[in-house]
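Novice: First, the structure itself, so that you have it in front of you.
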Amino acid sequence: MAESVTPEVVPDVGQEEQTRPKSGLEPGYLVICWNDPVNYMDYVTHVFQTVFGWPRKKAEFHMLQVHEQGKSVLTRESMEKAEHYVHQLQKYSLHATMEHDQ
Amino acid sequence: MNLLKLENGDFTFHLSKREKLLLLAVLDRYPLIPSRHQPLSKSAASAESETDQRLLDEALAEHRQENKRRLQTWLENEQRFTKTDSGWHLLLNRSEIEWLLQVLNDIRVGSWIILGSPEKDLWDFTLNEKTAPLGWTMEMAGWFEAALLEALQPGGAT
């Protein structure tokens, strides 16, 4: 049997608090994954599980949303955390961006 | 490429002689995604977002350089593959599989981007001596990814 997937650790953003504007600390940024025809569905599911530590069912739900609706909002975070997640997703070559939630 | 066993967190794969050659040929192409290709945001256009985009580009470039160094070291390890009567055994732990998935998908997605990012049919491009190897690389990288993902599923080991 395969072992369970270990989520990547979100960095401590405490040191950034004094240098970022207050708005960057509030959970006002959406992390979005966009559809493309090249990434396998199983691969996208696996990446969501790994990066967010989600159970397979939740990861599959968001993967299907990407596939069928063109995009999925994965999480709503502060600017720092959103940047972190986008970086992690892009390391896996997924088409992910962060957008300000207005 | 088949998973033979999973023991103490180590995955043992069997590869035929040809599969090993194919895997090495595919990995040799890393990285393929063009630099500064991945936007941080679709909507942001401020000076601050330009700085954030630059930082992201630098982080991804550094990540790829580190992956390239690790790949060279990984391939130079003569004990990575063990010869058998019918081919080779490849020993990987979970961390190495995770890393190889990133490397292989960079190669797959990068090939697709260079081919013009065809949307409906991945092979919707003019086939010639330049594009054919890229199409082949895209398919083979995906094939090895699928084998690794299957191994990670519960019951993946036989």
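Novice: Among (1) among the acidic types (D, E); (2) in a loop (DSSP other than H, G, I, E, B); (3) more than 8 Å from every other protein chain (Cβ to nearest Cβ), there is one condition B:E119 misses while meeting the rest; what is its number?
Specialist: That leaves (3) as the condition not met.
Novice: Same structure, new question: Output the residues belonging to the range B:69-83 that are surrounded by 11 or more Cβ atoms within 10 Å (Cβ to Cβ) and not in a helix (DSSP H, G or I).
Specialist: B:R80, B:F81, B:T82 - these are the residues of the range B:69-83 that are surrounded by 11 or more Cβ atoms within 10 Å (Cβ to Cβ) and not in a helix (DSSP H, G or I).
Novice: Take B:P39 and decide whether it is surrounded by 16 or more Cβ atoms within 10 Å (Cβ to Cβ) and assigned to a loop (DSSP other than H, G, I, E, B). Walk me through it before giving the result.
Specialist: Details: surrounded by 16 or more Cβ atoms within 10 Å (Cβ to Cβ): yes; assigned to a loop (DSSP other than H, G, I, E, B): yes.
So B:P39 passes the test.
Novice: Taking the condition closer than 19 Å to B:W74 by Cβ, in a loop (DSSP other than H, G, I, E, B) and of a type in the set (A, V, I, L, M), does B:L23 pass?
Specialist: On the way: closer than 19 Å to B:W74 by Cβ: yes; in a loop (DSSP other than H, G, I, E, B): no; of a type in the set (A, V, I, L, M): yes.
Spelling it out, it is not the case that B:L23 is closer than 19 Å to B:W74 by Cβ, in a loop (DSSP other than H, G, I, E, B) and of a type in the set (A, V, I, L, M).
Novice: Still on this structure: What's the total number of residues in the range B:1-20 that are loosely packed, with under 13 Cβ neighbours inside 10 Å and in a loop (DSSP other than H, G, I, E, B)? Lay out the reasoning, then the answer.
Specialist: First, pick out the residues of the range B:1-20 that are loosely packed, with under 13 Cβ neighbours inside 10 Å: B:5, B:7-10, B:17-18.
Imposing the further condition that a residue be in a loop (DSSP other than H, G, I, E, B) reduces the set to B:8-9.
Residues meeting the conditions: 2.
Novice: Collect the residues in the range B:12-33 that are among the hydroxyl-bearing types (S, T, Y) and touching a helix residue (DSSP H, G or I) at 6+ places or on another chain (Cβ under 6 Å), keeping them in residue-number order. Write out each step before concluding.
Specialist: From the range B:12-33, those among the hydroxyl-bearing types (S, T, Y) are B:12, B:16, B:30; that's our starting set.
Residue satisfying the conditions is B:Y30 alone.
Novice: Kindly provide the set of residues from the range B:85-114 that are more than 16 Å from B:I33 (Cα to Cα) and either in a strand (DSSP E or B) or of a type in the set (G, A, S) (or both), ordered by number.
Specialist: Scanning the range B:85-114 gives B:S86, B:G87, B:W88, B:H89, B:L90, B:L91, B:L92, B:N93, B:S95.
The numbers here are math on the coordinates, done by the rules we state, and not lab data. Small disclaimer: the values here were computed from a predicted structure and weren't measured. Note: ideal-geometry Cβ built from the backbone for every residue, glycine included; neighbour counts use all protein chains shown.
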